[in-house]
Amino acid sequence: MSELPGIVVNGASGRMGRMLVKLVSESPAARLVGALERPGHDWVGQDVGEAMGGAALGVPVSDDPLEAMAKAQAVIDFTAPAATVALADLAAQARAVHVIGTTGLTDDDITRLAAAARHATIIRAGNMSLGVNLLVQLTRKVAEALDEAFDIEIVETHHKHKVDAPSGTALMLGEAAAEGRGVELDRVADRGRDGITGARTEGHIGFSAIRGGDVVGEHDVIFAGTGERVILRHVATDRAIFARGALKAALWGIGRKPGSYDMMDVLGL
Ligand SMILES: NC(=O)C1=CN([C@@H]2O[C@H](COP(=O)(O)OP(=O)(O)OC[C@H]3O[C@@H](n4cnc5c(N)ncnc54)[C@H](OP(=O)(O)O)[C@@H]3O)[C@@H](O)[C@H]2O)C=CC1
Ligand SMILES: O=C(O)C1=N[C@H](C(=O)O)C[C@H](O)C1
């Protein structure tokens, strides 16, 4: 019988990294073959299971991506923009599918990932959950159906440690709303109001970010009309939904030709 696909987790000590190490190491469909952290991190050299406070998994944490990916078919990466962009070229060299959950990427970062995707299979989404990807589709449809008399506002809430805003999910929802309306998001996005802003501009799409406590992630897309509001909402209560989506993406990507893919491709939505 052939071996199960080997998966490496980048940023193994992070909130998502730990979730992914657990999921992949327990999966009947994949093997955990590597765990990465940045050079100088105190987990480097330790067994990743023990570093997480559990039983040994036989996988030492490495700070050498090429070595860690040598026996892997895919790397799952929920880290930080600079780390993700740097890993993309190395994943291409190692011929490993690169699944990217990292958010807060700039346009320049995205251009660099697109360049790497000429030689590598990259699957990237600001949210890997089934529910949010469904919500994205619903948002596009509702935006198509309702005209500019309905003001679109996207409100997201996350834990106090989150470093980027608006969230990757909020931006996916904004893109879908703009697409539904047949406009460019960059031309209509209101990404932060303060002071004497003037009345709301018809056709704009507003973003608001709330940060606090341990909220996993909540997103509302509000279509506010006169006398009525339509509100589409997703509430995440467990990061496992993102990890499951990422593992599904990794397994889906193995054997695909190089290119840029997203969760809509993976989920067939
Ligand atoms: N697409 C999706 O479905 C989801 C996306 N996310 C996104 O994933 C990212 C991570 O989130 P979260 O786990 O909460 O964040 P954390 O801060 O908990 O984890 C980030 C991890 O990446 C590590 N890291 C940073 N730089 C490097 C590097 N150069 N090499 C290796 N590891 C590195 C950090 O290490 P150190 O501690 O040393 O800095 C840390 O372990 C964020 O961008 C978040 O928005 C989160 C959930 C779902
Ligand atoms: O940082 C997080 O935690 C999350 N980030 C993603 C985002 O930016 O949308 C996905 C999820 O909401 C959790």
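Brief remarks on what is shown
- Scanning region 133-155 finds no residues that are within 12 Å of ligand 1 (Cβ to nearest atom) and in contact with a strand residue (DSSP E or B) (Cβ under 7 Å, 6 or more places away or on another chain).
- Single match in VAL24, VAL8, VAL85 (criterion: in contact with a helix residue (DSSP H, G or I) (Cβ under 8 Å, 6 or more places away or on another chain), within 14 Å of ligand 1 (Cβ to nearest atom) and closer than 26 Å to ASP238 by Cα): VAL8
- Condition check for ILE231: on the phi < 0 side of the Ramachandran plot, open to solvent by less than 40 Å² (accessible area, probe 1.4 Å) and assigned to a strand (DSSP E or B): no
- Residue check, ASP42 of a type outside the set (Ser, Thr, Tyr), free of Cβ contacts under 8 Å to residues at least 12 places away in the same chain, more than 16 Å from ligand 2 (Cβ to nearest atom) and open to solvent by 30 Å² or more (accessible area, probe 1.4 Å): yes
- Single residue of ALA189, ALA177 found to be small (Gly, Ala, Ser), open to solvent by less than 20 Å² (accessible area, probe 1.4 Å) and touching a strand residue (DSSP E or B) at 6+ places or on another chain (Cβ under 7 Å): ALA177
- Per the listing ALA35, ALA74, ALA88, the residue uniquely within 23 Å of VAL163 (Cβ to Cβ) and within 17 Å of the chain's Cα centre (by Cα) is ALA88.
- Within region 66-87, if we keep just the residues that are under 14 Å from GLY6 (Cα atoms) and touching a strand residue (DSSP E or B) at 6+ places or on another chain (Cβ under 7 Å), the residue that is surrounded by the most Cβ atoms within 10 Å (Cβ to Cβ) turns out to be ILE76.
- Hits in region 97-122 (condition: of a type in the set (A, V, I, L, M, F, W, C) and within 15 Å of ligand 2 (Cβ to nearest atom)): VAL99, ILE100, LEU105, ILE110
The values are calculated or read from the model by the stated rules, or taken from the named source; none is laboratory data. Keep in mind that what you see is a predicted model, and the values were worked out from it rather than measured. Neighbour counts are summed over all protein chains in view; Cβ atoms, including those assigned to glycine, are modelled from backbone coordinates with ideal geometry. With ligands, DNA and RNA removed, areas are computed over all heavy atoms of the protein, side chains included. Shrake-Rupley method; radii C 1.70, N 1.55, O 1.52, S 1.80 Å.
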